[in-house]
Amino acid sequence: MFNLTHPKLVTLAEAEGYAEVVDFLEDYAQGSIVPAICMAPDCDHTADLEPDQRAGFCEACGRPTMKSGLVIAGMN
Ligand SMILES: [Zn+2]
């Protein structure tokens, strides 16, 4: 089951200019580089990372908390 309502996923989609999470996922489902967001509660840093990234380094807060949008959604 995909999770399209995770607050970080909604934030990430909006940061990329999408009003709907599903549109964001459709555009990036086959991507080799996809938008990722920092999962730390106090940080919403975004970057383009690998689709299966689960613990990417966040350049804003210095933690290994970057997750790709596809991972957050449960698609990867
Ligand atoms: Zn961060």
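The values are calculated or read from the model by the stated rules, or taken from the named source; none is laboratory data. On a predicted model such as this, the values are computed, not experimentally measured, just so you know. Here Cβ is always computed from backbone atoms with ideal geometry, including for glycine, and neighbour counts include all displayed protein chains.
Within region 11-18, can one find any residue that is modelled with pLDDT under 95, surrounded by fewer than 18 Cβ atoms within 10 Å (Cβ to Cβ) and not β-branched (Val, Ile, Thr)? No; the residues of region 11-18 include none that is modelled with pLDDT under 95, surrounded by fewer than 18 Cβ atoms within 10 Å (Cβ to Cβ) and not β-branched (Val, Ile, Thr).
Scanning region 47-76 for residues that are farther than 17 Å from ASP27 by Cα, near the ligand (Cβ under 10 Å from one of its atoms) and either within 10 Å of the chain's Cα centre (by Cα) or surrounded by fewer than 18 Cβ atoms within 10 Å (Cβ to Cβ) (or both) yields a count of 8. Within region 32-52, residues that are of a type outside the set (Phe, Trp, Tyr) sit with their Cβ atoms under 6 Å from residues that are at pLDDT below 95, at 6+ positions apart or across chains, in these pairs: PRO51/ASN76; ASP52/ASN76.
Scan region 1-15 for residues that are in a loop (DSSP other than H, G, I, E, B) and in contact (Cβ under 8 Å) with a residue 40 or more places away in the chain and the total you get is 5. I'm trying to understand the selection: among the residues of region 33-76, which are at pLDDT below 95 and out of contact with any Pro (no Cβ under 6 Å at 6 or more places or on another chain)? Matches in region 33-76: MET75 only. Within region 17-46, restricting attention to residues that are within 11 Å of the ligand (Cβ to nearest atom) and acidic (Asp, Glu), the residue that is farthest from LEU4 (Cα to Cα) is ASP42.
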